[in-house]
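S.K.: So that we are looking at the same thing, I have put the structure below in structure tokens.
None of the figures in this text is laboratory data; all of them are computed from the coordinates on show. Note that the structure is a prediction, hence the values are computed from the model and not measured. Methodologically, a virtual Cβ is constructed for each residue, glycine included, from the backbone with ideal geometry; neighbour enumeration extends over all protein chains shown.
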Amino acid sequence: MKRIRRWGPGLLLVSPSIVLIAVFVYGLIGWNIKVSLSNWRQAQPSSGYAGLRAYRDLFHDPAWTLDLRHILIFTVVFIVGTLFVGWSLAFLLDKGVKGEGFFRAVYLFPMAVSFIASGIVWRWLMNPAPGDRETGLNAVFDHAGLHFLANQWYLGQNWGMAAMAMPAIWALSGYIMALFLAGFRGVPEELREAARMDGASEYRVYRHVVFPHLRPVTLSALIILGHISIKVFDLIVAVGGKQLITQVPAVYMWIQIYDAQDYAKGAAIATLLLIGISVLIIPYLVFTVRSERNA
């Protein structure tokens with residue numbers, strides 16, 4: 001009875017949130033999995049059970065294999081590029097510059113712009129049109145006499161998805177900069193001074209004192225960027241539309257559900273995306289909980 005009196009008011013307070021999460025998060029996840037295992041392959045609903053047929057069809061689909069290759073290239077370039085740019089900006093700000101507040105605002109501004117808006121601008125910047133119709137970066141290269149740098153950007157056969165990652169790097173680098181800058185500023189100045197008094201050079205101070213403290217920040221950045229890249233949709237559509245050459249799993253899911261009306265296949269793609277994100281997030285959550293318990 002005492003436990004009920006102790007936990008009752010708090011449980012009653014959060015019960016609406018628990019119900020909403022149970023219905024609109026886990027309930028819809030369960031319904032999506034159910035659809036992926038059904039025979040709902042057309043506009044007319046079907047309750048027939050088909051097992052893993054949609055998943056088997058998916059992995060025998062050349063378009064899905066191409067989508068996986070695209071998202072792999074996009075993810076690698078996006079994560080490496082964003083971490084490098086964000087870390088570099090944070091390192092420069094940590095060294096101390098005049099007008100630091102202004103630069104922080106400038107670097108963070110792209111994050112305030114939606115992927116749709118920034119994608120439209122970058123579509124113009126990376127316009128692959130040749131000749132007199134050149135605009136954006138290709139036009140700049142042409143006027144600067146750097147014709148060899150002009151290319152097809154996101155329409156390129158080999159590295160088109162690498163170019164597609166450029167707008168995402170531009171949009172998220174400021175956020176990663178803020179994470180790393182907080183990590184730099186979180187290192188006690190006493191540790192740096194102690195290392196300098198022991199004769200350590202500035203390189204060794206950062207190598208052996210500062211950088212080890214950035215591991216949790218780096219892990220958090222990897223998780224955040226990884227799950228963003230796996231489910232990226234709006235940026236791809238804004239820049240390249242629904243072309244096969246720029247297609248990724250989230251775009252293919254949209255095509256299967258709303259264009260082809262193959263709901264089982266679309267639900268299977270959504271389930272696989274959820275599994276991919278869970279593979280990233282769940283180990284991170286377990287690691288975080290264990291770290292807090294050991295602290």
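S.K.: Under a 5 Å amide H to amide H cut-off, with H placed in plane at 1.01 Å, what residues pair with Ser38 once short-range neighbours are removed?
M.R.: Sorted by chain and number, the residues that satisfy this are Ala50.
S.K.: Explain nothing, just the number: relative contact order of segment 54-294, from Cα pairs under 8 Å at least 6 residues apart, as a whole percent.
M.R.: With pairs under 8 Å counted, the relative contact order is 28 percent.
S.K.: Taking loop as defined by DSSP and a crowding limit of 11 other beta carbons within 10 Å, which trypsin sites (Lys or Arg not before Pro) in segment 66-123 fit?
M.R.: Answer by residue number: Lys95, Lys98.
S.K.: To continue, here is another question. What lysines sit close enough to Lys34 to cross-link, taking a C-alpha to C-alpha distance under 18 Å and skipping anything fewer than 8 places away on the same chain?
M.R.: Lys265
S.K.: Separate question: Per Stokes-Einstein, at 25 °C and 0.890 mPa s, what whole-number D in µm² s⁻¹ belongs to segment 245-295, with the Kirkwood radius over Cα pairs as the hydrodynamic radius? List each step's numbers first, then the result.
M.R.: On the way: Rh = 12.8 Å.
Once the numbers are plugged in, D ends up at 192 µm²/s.
S.K.: Can you list the aspartates and glutamates whose alpha carbon sits under 14 Å from that of Lys242, skipping same-chain ones fewer than 8 residues off?
M.R.: Of all the aspartates and glutamates, those that pass the test against Lys242 - Cα under 14 Å, at least 8 places apart if same chain - are Asp67, Asp234, Asp259.
S.K.: When averaged across all projection directions, what area in nm² does the alpha-carbon convex hull of segment 54-294 cover?
M.R.: Orientation-averaged projected area of the Cα hull: 17.5 nm².
S.K.: Within straight cross-link reach of Lys95, meaning Cα distance under 12 Å, which aspartates and glutamates are found once same-chain residues fewer than 8 apart are removed?
M.R.: Glu202
S.K.: Mean-square fluctuation check for the chain, GNM, Cα pairs under 10 Å: which of Ala267, Ala194, Ala43 is largest?
M.R.: Ala194
S.K.: List the equivalent ellipsoid semi-axes of segment 222-265 in whole Å, largest first, each obtained as the square root of 5λ for an eigenvalue λ of the Cα gyration tensor.
M.R.: So the three semi-axes of segment 222-265 are 20, 14, 7 Å.
S.K.: Say we join alpha carbon atoms closer than 10 Å with springs in a Gaussian network model of the chain; which of Gly51, Gly81, Gly226 then has the biggest fluctuation?
M.R.: Ranking Gly51, Gly81, Gly226 by mean-square fluctuation puts Gly51 first.
S.K.: Which value in Å does the Kirkwood hydrodynamic radius of segment 111-234 take, with 1/r averaged over all unlike C-alpha pairs and then inverted?
M.R.: Taking the inverse mean of 1/r over all distinct Cα pairs, segment 111-234 comes out at 17.7 Å.
S.K.: Pick from Val248, Val209, Val76: which is most flexible by mean-square fluctuation in a GNM of the chain where alpha carbon atoms under 10 Å apart are linked?
M.R.: Maximum fluctuation in the GNM of the chain, among the listed residues, is at Val209.
S.K.: State the Kirkwood hydrodynamic radius of segment 177-282 in Å, one decimal place, computed from all pairs of distinct Cα atoms.
M.R.: Answer for segment 177-282: a Kirkwood hydrodynamic radius of 17.1 Å.
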